[in-house]
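Chemist: One structure is given below, represented as structure tokens, and several questions about it will come after.
The values are calculated or read from the model by the stated rules, or taken from the named source; none is laboratory data. If you're wondering where the values come from, they're calculated on a predicted model, not measured in any experiment. Here the Cβ positions follow ideal geometry from the backbone for every residue, glycine too, while neighbour counts run over all protein chains shown.
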Amino acid sequence: MDSGNIDSSKRSLINWLLGAGVFAWIGGIFAAFFQYLKPSQSNVANLNYISLGLESKLEDPKNKFKLKNNQMIFPFGEKKLILVKIDINKYKVFSAQCTHAGCIVEWKANEKIFFCNCHGGKFDINGKNIAGPPPSPLPEYKVVLKKGEMFVTERQNEV
Ligand code: FES
């Protein structure tokens, strides 16, 4: 065996090791990135309340959470909720997912109903199913104001 062949196989081995190292490094970055994007189940399950920020900023278009036509849909863990402003400083929050097949409902302020576009389901201002196929009311959430900050929670004493 001559020294040219030994050098050549050492070079191949070193190249292979470098390639495997770079591949593992890139894989680690991707794994960390996807872990960051997908919250763990326990974090989602432990979500008891969410802050929507200052109530006075809810109509500010630059705000993260902002009302549009007196309503807003926002995430609450893996759920989607709908908040509606029914009067000055009066809000209601319900699950935004229709109890029929899970479509997202919208607030029709002029009729004072939540309407589901999928199959025409209707819910009154208290979330009660009043027309169409939905079999049950929209689950209601609580709005808690503390020093001007608005929180939404499943139970009043969670905040
Ligand atoms: S999903 Fe809402 S009425 Fe069917």
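Chemist: Which of the residues that make up region 110-138 are hydrophobic (A, V, I, L, M, F, W, C) and more than 15 Å from Ile73 (Cα to Cα)?
Modeler: Hits for region 110-138 are Ile113, Cys118, Phe123, Ile125, Ile130, Ala131.
Chemist: Is region 137-154 home to any residue that is more than 26 Å from Tyr49 (Cα to Cα) and modelled with pLDDT of 95 or more?
Modeler: No: zero hits.
Chemist: In addition: For the subset of region 87-106 comprising residues that are more than 9 Å from the ligand (Cβ to nearest atom) and assigned to a loop (DSSP other than H, G, I, E, B), which member is surrounded by the fewest Cβ atoms within 10 Å (Cβ to Cβ)?
Modeler: Across region 87-106, the extreme among qualifying residues is Ile88.
Chemist: Could you check, for region 123-133, whether at least one of its residues is β-branched (Val, Ile, Thr) and free of Cβ contacts under 8 Å to residues at least 12 places away in the same chain?
Modeler: Looking through region 123-133, none of the residues is β-branched (Val, Ile, Thr) and free of Cβ contacts under 8 Å to residues at least 12 places away in the same chain.
Chemist: Picking from Ile130, Ile125, which residue would you name as being in a strand (DSSP E or B) and β-branched (Val, Ile, Thr)?
Modeler: Ile130
Yes/no matrix, rows are residues, columns are (1) of a type outside the set (A, V, I, L, M); (2) more than 14 Å from the ligand (Cβ to nearest atom); (3) exposed (fewer than 14 other Cβ atoms within 10 Å of the Cβ); (4) at negative phi:
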residue: Glu111; (1), (2), (3), (4): yes, yes, yes, yes
residue: Asn117; (1), (2), (3), (4): yes, no, yes, yes
residue: Ile125; (1), (2), (3), (4): no, yes, no, yes
residue: Ala131; (1), (2), (3), (4): no, no, yes, yes
residue: Leu145; (1), (2), (3), (4): no, yes, yes, yes
residue: Met150; (1), (2), (3), (4): no, yes, no, yes
